[in-house]
Amino acid sequence: MKVLKFGGSSVGNAERIRIVRKIIGREQLPLVVVVSAFQGVTDSLKNISELAASHNAGYRKELKEMIAMHGKVSSELLSGKALDRARAATDQVFSELAETLNGLFLLRELSKYSRDKVLSAGERLSSSIVSAFLDNCALLDARELIRTDDNYGNANVDFALTNSLIRKKIKNRKKLILVPGFIASTWKNETTTLGRGGSDYTAAIIAAALNADMLEIWTDTDGFMTADPKKVEKAYAIDSLTYSEAIELSHFGAKVIFTPTLRPVYKKLIPVTIKNTFNPESQGTLISDKIRTDGRSPIKGISSIDHIDLVTLQGPSMVGVTGTSMRLFGSLARRNINIILITQASSEYSITFAINPPETKKAVESITQEFEKEITFRKELKILVEKDLSIIAIVGEKMKNTPGVSATLFRSLGRNGINVVATAQGSSELNISVVIKTENLKKALNVIHDGFFLSRYKELYLFIAGTGFVGSCLLNQLLKQNDLLLSEHNLKINLLGIANSRQMIIGNQHLPLEGWRERLENEGEKSDIDSFISRMTKLNLRNSVFIDCTANDRVAGTYAEILKNYVSVVTASKIACSSEYCYYHELKSLASERGIRFMYETTVGAGLPIIKTINDLVVSGDRVIRIEAVLSGTLNFIFNTLSPDMPLSKTIRMAKERGISEPDPRIDLSGTDVVRKILILAREAGYTIDLEDVTVQKLLPDKCFEGSLESFYDKVREYDEEFEERRKILVSQNKKWRFYASLDQGKARVELITVDSSHPTFDLEGSNNIVLLTTERYRELPMVIKGYGAGADVTAAGVFADIMRVVNV
């Protein structure tokens, strides 16, 4: 025999009830079906009763609407005698309900007894209609089957009497039986209710009494989920759980099943399946006594309680004093205050517990009364209350004896800037619970979900500043690789913000990688980098990355604030890393302290692995003695392009138009770009130097760099002939210009030199760079890194690679 329970969402309207009949039609008899009230009806009844008790005649209007709704469902499902029977039954319920509500209206009082009487109408109405719609169905009143005490609103079941009644009335019936859930009665036949999720409980009580083969709970989800799908988009249905795992997940907020539901079936080891009424072919979640694992993770699921208060009793008079805990929790029990979580310091200096916020005031009063002497007179104890908190619990039988579970949990939270206020773990190792700020709940659930490999893919949230050559190329590369990253590397790229000097667009809605430019132009607002950064950090998303494709001082100045908010930074801009040493050091320290990434490989050599190579040498114990390099792809392109038909001024314009130079080519021609690069490499090699420590020999006189960019081109034109004459002389000598950067024992220098064919930089073509590293290990023959060192495509590719390194941190 099976027992099937259908919740309010499953019987929400006529169409859904037709689906329920199809599901029932597949089953063999005998069969017991338990139904809840129609969706939303219990809440409406609660509201109507409160209106009536407050002497508000508006309750009559809501009652009429409820009568009309049930009449409509009956008319859509039934006809003839079946409709007449259903109407007679519902009319009787509504007549009793109207009488009760009128009494509440006159007395202006709503007792728990009266509330149960009103709320019971929901299941009585739905069961009358659904039973009439099912073929050969017998309707039994749950109040004749389940006996309870008179604790109205959350009545306690008398199992000995209840089991006897159920077996007597159902055991030998070889047909379809339908029972309303949620309701019961006392031995005086007074109506009671079984509390939140009571229809689940009704079904479990009947299943246990009849020793059923299976209890099926039909709802509107595919079963227990790995996390709340409203908060974790990647949550998916769990195939199987043990009773203990299901009870823990339910206790800590999973609303799929009412926690007491599992107690009766747990005792009898009756398996429970959670199924989706609207996706009946889905496997659902099987709850049994068998531990099953898919091998993906030691935990089965993550559950959360959104709003709790944390109450702490602390003080020296607790240390070594027997009975303090008994007094504390005894005082709370006398006031019927439910404790969700308990944690105690090993020093016995404090005890902390979590409760629902509406009970906090009552709890503080109870504790104050119990410990009046210690708190008021001796001043040895005090009560602390922390609000706006949430609990997250990770649950799984396989956690026991699995090393590293706690480390993964706390590392996932710590890397994303989520502070743990309190934690608790039982000796059974079935769950680990943490208390965090409610504002971090969604972010925390997602990072934990990712951290335990419960997600089928990892997500990265990108915020890009700069849509010039490099920024545009990066967005195009992300678009081309997007599908491959998801299919081959289980990485989903989410673009949430774009900004340039004119416009910006940012929000929690993903921006398309295709058509981003049109969205920015049509929907963007006036650009404000401070607002952009503020809104990015307020989104509070895990795995967020800010990408700087600008050459803007103001943007570079925001890095510290970004890193403080646990957002990784990837930059192609040299400004921050070549600014004051203290700022450079602060940025690296912030990234290290917060377990995030500050990536800037492309600041020197575009996509060449120069910085990473130096880092690897230093970390492995080598010491960089000397660096010699051609680091300006722009100047190298200019020197290699100069010809009688391509003078200096024209070549500079070409470099800018092709995206080889900086947006302002004066940065390249003044030597500033190369100075910044050798400064960065010196710092990466372990030398503490600043810009003023670098000796610079400029390519052009200072007067060329005064004024606007257009005036710069005009002034450079005056030197076209001079450079052409000098170039011819070099060609005749088989020599070339190279703008050379060097670092020797901590002394940096940048200058224009001429080289012959014996020099390692002589054959550099186009915008190529070359770096020679002389170290303790590479003293005789320097390590050489050579390749494209400028250009939007290769720089964007280097930024892309840095983004991938953020993912793999």
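Values computed for the structure shown
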item: Positions within the range 508-530 being open to solvent by less than 40 Å² (accessible area, probe 1.4 Å) and either within 18 Å of Ser568 (Cα to Cα) or touching a residue at least 12 places away in the same chain (Cβ under 8 Å) (or both), in sequence order; result: Leu511, Leu513, Trp516, Leu520, Gly524, Ser527, Ile529
item: Those residues of the range 747-759 which are assigned to a loop (DSSP other than H, G, I, E, B) and surrounded by fewer than 15 Cβ atoms within 10 Å (Cβ to Cβ), in sequence order; result: Asp756, Ser757, Ser758
item: Gly686, sole failed condition from (1) farther than 18 Å from Glu628 by Cα; (2) touching a residue at least 40 places away in the same chain (Cβ under 8 Å); (3) part of a loop (DSSP other than H, G, I, E, B); result: (1)
item: Sole exception among (1) surrounded by fewer than 21 Cβ atoms within 10 Å (Cβ to Cβ); (2) in a strand (DSSP E or B); (3) not acidic (Asp, Glu) for Ile394, by number; result: (1)
item: Check on Ala57, in a loop (DSSP other than H, G, I, E, B), in contact (Cβ under 8 Å) with a residue 60 or more places away in the chain and aliphatic (A, V, I, L, M); result: no
item: Selected residue (only one of Phe353, Phe371, Phe377, Phe329 is modelled with pLDDT under 90 and among the aromatic types (Phe, Trp, Tyr)); result: Phe377
item: Identity of the residue in the range 491-507, of a type in the set (S, T, N, Q) and assigned to a strand (DSSP E or B), that ends up most open to solvent (accessible area, probe 1.4 Å); result: Gln503
item: Cβ-Cβ under 7 Å pairs, at least 6 apart or on other chains, the range 615-637 side part of a helix (DSSP H, G or I), far side of a type in the set (Ser, Thr, Tyr) and open to solvent by less than 20 Å² (accessible area, probe 1.4 Å); result: Leu617/Thr775; Gly633/Ser767; Thr634/Ser661; Thr634/Ser767; Asn636/Ser767; Phe637/Ser767
item: Candidate set: the range 644-654, residues that are open to solvent by less than 40 Å² (accessible area, probe 1.4 Å) and free of Cβ contacts under 8 Å to residues at least 60 places away in the same chain; chosen: the one nearest to the chain's Cα centre (by Cα); result: Met654
item: Residues of the range 288-326 classified as modelled with pLDDT under 85, open to solvent by 40 Å² or more (accessible area, probe 1.4 Å) and within 27 Å of the chain's Cα centre (by Cα), total; result: 5
item: Count - residues of the range 689-705 that are part of a loop (DSSP other than H, G, I, E, B) and either at pLDDT 95 or above or open to solvent by less than 60 Å² (accessible area, probe 1.4 Å) (or both); result: 5
item: Extreme residue, farthest from Ile625 (Cα to Cα), among residues of the range 667-683 that are in contact with an Asp or Glu (Cβ under 9 Å, 6 or more places away or on another chain) and open to solvent by less than 10 Å² (accessible area, probe 1.4 Å); result: Asp668
item: Only one of Gly103, Gly153, Gly122 that is of a type outside the set (D, E, K, R) and not in a helix (DSSP H, G or I); result: Gly153
item: Where Ile418 falls short, out of the listed (1) within 19 Å of the chain's Cα centre (by Cα); (2) of a type outside the set (Gly, Ala, Ser); (3) surrounded by fewer than 15 Cβ atoms within 10 Å (Cβ to Cβ); result: (3)
item: So Tyr583, is it surrounded by fewer than 22 Cβ atoms within 10 Å (Cβ to Cβ) and either among the aromatic types (Phe, Trp, Tyr) or in contact with a Gly (Cβ under 6 Å, 6 or more places away or on another chain) (or both); result: yes
item: Single condition Glu657 does not satisfy, out of (1) surrounded by fewer than 17 Cβ atoms within 10 Å (Cβ to Cβ); (2) touching a Ser or Thr at 6+ places or on another chain (Cβ under 6 Å); (3) among the charged types (D, E, K, R); result: (2)
item: Residue among Glu429, Glu374 that alone is farther than 30 Å from Ser297 by Cα and open to solvent by 20 Å² or more (accessible area, probe 1.4 Å); result: Glu374
item: Residues (of a type in the set (A, V, I, L, M), in contact (Cβ under 8 Å) with a residue 12 or more places away in the chain and more than 19 Å from Asp664 (Cα to Cα)) located in the range 708-731; result: Leu730
item: Index of the failed condition, Asn338 passing every other in (1) surrounded by fewer than 13 Cβ atoms within 10 Å (Cβ to Cβ); (2) within 26 Å of the chain's Cα centre (by Cα); (3) under 30 Å from Ala237 (Cβ atoms); result: (2)
item: Failed condition for Pro229, given (1) buried (at least 24 other Cβ atoms within 10 Å of the Cβ); (2) without any contact (Cβ under 8 Å) to a residue 12 or more places away in the chain; result: (1)
item: Qualifying residues in the range 73-83 (those that are assigned to a helix (DSSP H, G or I) and free of Cβ contacts under 8 Å to residues at least 12 places away in the same chain) - the one nearest to the chain's Cα centre (by Cα); result: Ser75
item: Among residues of the range 326-350, those that are within 15 Å of Ile367 (Cα to Cα), in a loop (DSSP other than H, G, I, E, B) and of a type outside the set (Val, Ile, Thr), counted; result: 3
item: Filtered residue count, the range 586-609, keeping only those that are assigned to a loop (DSSP other than H, G, I, E, B), hydrophobic (A, V, I, L, M, F, W, C) and open to solvent by 10 Å² or more (accessible area, probe 1.4 Å); result: 2
item: Residue identified as more than 26 Å from Arg16 (Cβ to Cβ), crowded, with 20+ Cβ neighbours inside 10 Å and among the aromatic types (Phe, Trp, Tyr) among Tyr113, Tyr59; result: Tyr59
item: Selection within the range 718-748 - touching a Leu at 6+ places or on another chain (Cβ under 8 Å) and not hydrophobic (A, V, I, L, M, F, W, C); result: Tyr719, Asp720, Glu724, Arg727, Lys736, Arg738, Tyr740
item: In the range 277-287, residue modelled with the lowest pLDDT [restricted to those that are more than 13 Å from Ile238 (Cα to Cα) and in contact with a strand residue (DSSP E or B) (Cβ under 9 Å, 6 or more places away or on another chain)]; result: Pro280
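Per-residue answers, yes or no, for (1) in contact with a helix residue (DSSP H, G or I) (Cβ under 8 Å, 6 or more places away or on another chain); (2) open to solvent by 10 Å² or more (accessible area, probe 1.4 Å); (3) in a strand (DSSP E or B); (4) more than 24 Å from Met599 (Cβ to Cβ):
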{"position": "Arg777", "(1), (2), (3), (4)": "yes, yes, no, yes"}
{"position": "Asp793", "(1), (2), (3), (4)": "yes, yes, no, no"}
{"position": "Ala797", "(1), (2), (3), (4)": "yes, yes, no, no"}
{"position": "Asp802", "(1), (2), (3), (4)": "yes, no, no, no"}
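The values are calculated or read from the model by the stated rules, or taken from the named source; none is laboratory data. Quick caveat, the model's predicted, so the values are computed rather than measured. Quick reminder, even Gly has a Cβ in these numbers, built from the backbone with ideal geometry, and neighbours come from all protein chains shown. Heads up: the accessible areas ignore ligands, DNA and RNA and are worked out on the full protein's heavy atoms, side chains in. Shrake-Rupley method; radii C 1.70, N 1.55, O 1.52, S 1.80 Å.
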